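Enquirer: Below: one structure in structure tokens.
The values are calculated or read from the model by the stated rules, or taken from the named source; none is laboratory data. Just so it is clear, the model here is predicted, and its values are computed rather than measured. Please note: Cβ atoms are built from the backbone with ideal geometry, for glycine as well, and neighbour counts cover all protein chains shown. Accessible surface areas use protein heavy atoms only, side chains included; no ligands, DNA or RNA. Shrake-Rupley method; radii C 1.70, N 1.55, O 1.52, S 1.80 Å.
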Amino acid sequence: MGFGILFIGYFVAAIIFIGYMSIVRVLGCAVMLISTLKLRKYNRTFDMLLIVLGVCILFYGFDAVVDILGITLAGTTATLVLLADTLINFALNSSLLLSIRAIAKETETDKLYFAATRNLVFFGILLVLQLIAKLPFKVTQNLNIIAIILLLVLSVLNLVLIFRCYAQICDSGDVEMERKPSRFAFVNKYRDEMDKRRAEADAERERIKRERDIKGEQKRRNKKNKK
């Protein structure tokens with residue numbers, strides 16, 4: 001569907017980027033954009049992510065040019081760029097999570113829906129911390145370390161969520177096709193475990209349905225006998 005490519009792109013943009021030039025983040029966002037073009041066919045909420053990724057590529061491209069040319073931003077300009085970076089990063093993650101929430105709701109994968117909602121709430125908290133940390137007070141500047149750690153943790157949680165989407169959500173046209181084994185053993189193991197749980201859940205639902213049908217039939221017979 002595109003979640004595998006999305007995982008790679010997000011990993012490059014959100015994790016590998018740390019400590020390197022913005023050109024790495026541009027590449028990550030470009031990979032994410034390619035995957036989003038595929039995912040938007042299944043849920044149009046990904047159109048929002050597509051627009052945000054376009055803005056990200058332009059902004060981080062500008063940032064990369066500044067780094068390459070060795071231009072030092074200072075004063076109000078530097079503050080505005082940092083603020084824009086914070087807001088764009090939030091827009092990227094929130095649009096990603098809203099898109100995952102939408103497709104998880106459509107495919108009735110409740111655990112993915114609630115995980116996306118949880119991450120979205122935490123990113124909202126992170127945004128507040130980042131904005132407070134930018135206030136010109138010595139006390140608030142100490143929040144920068146907390147914000148950076150929280151950003152890293154939430155980025156990892158998003159990676160886990162995207163991987164779960166890759167393992168659990170598939171195109172309806174692929175259901176009848178034999179699944180192609182992954183090159184990675186842990187991926188195959190995770191898929192097998194999910195298939196097992198899904199089969200057990202289906203069996204349990206079928207058992208409950210049979211019990212309800214039997215009870216319903218017994219009630220109808222009892223009413224008929226009373227008459």
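Enquirer: What about A84, is it over 24 Å from V153 (Cα atoms), surrounded by fewer than 17 Cβ atoms within 10 Å (Cβ to Cβ) and among the small types (G, A, S)?
Expert: no
Enquirer: If we scan the stretch 43-61, do we find a residue that is charged (D, E, K, R), in a helix (DSSP H, G or I) and crowded, with 16+ Cβ neighbours inside 10 Å?
Expert: no
Enquirer: Which residue pairs have Cβ atoms closer than 8 Å, lie 6 or more positions apart in sequence or on different chains, and pair a first residue in the stretch 135-159 that is over 15 Å from F11 (Cβ atoms) with a second residue that is open to solvent by 70 Å² or more (accessible area, probe 1.4 Å) and not small (G, A, S)?
Expert: Partner pairs satisfying both residue conditions: T140/K134; L150/F122; L150/I125.
Enquirer: From (1) touching a Phe, Trp or Tyr at 6+ places or on another chain (Cβ under 8 Å); (2) aliphatic (A, V, I, L, M); (3) more than 25 Å from F59 (Cα to Cα), pick out the condition that doesn't hold for L96.
Expert: The failed condition is (3).
Enquirer: Do the conditions hold for L131, that is, is it over 22 Å from the mean Cα position of the chain (by Cα) and in a loop (DSSP other than H, G, I, E, B)?
Expert: In short, no.
Enquirer: Just for the stretch 88-111: of the residues that are surrounded by fewer than 13 Cβ atoms within 10 Å (Cβ to Cβ) and assigned to a helix (DSSP H, G or I), which one is modelled with the highest pLDDT?
Expert: It comes out as K111.
Enquirer: Here is a list: F114, F123. Which entry is open to solvent by less than 30 Å² (accessible area, probe 1.4 Å) and of a type in the set (F, W, Y)?
Expert: Among F114, F123, only F123 is open to solvent by less than 30 Å² (accessible area, probe 1.4 Å) and of a type in the set (F, W, Y).
Enquirer: I would also like to ask the following. Please work out which one of (1) open to solvent by 30 Å² or more (accessible area, probe 1.4 Å); (2) under 30 Å from T107 (Cβ atoms) is the condition I68 fails and give its number.
Expert: Only one criterion is unmet by I68, namely (2).
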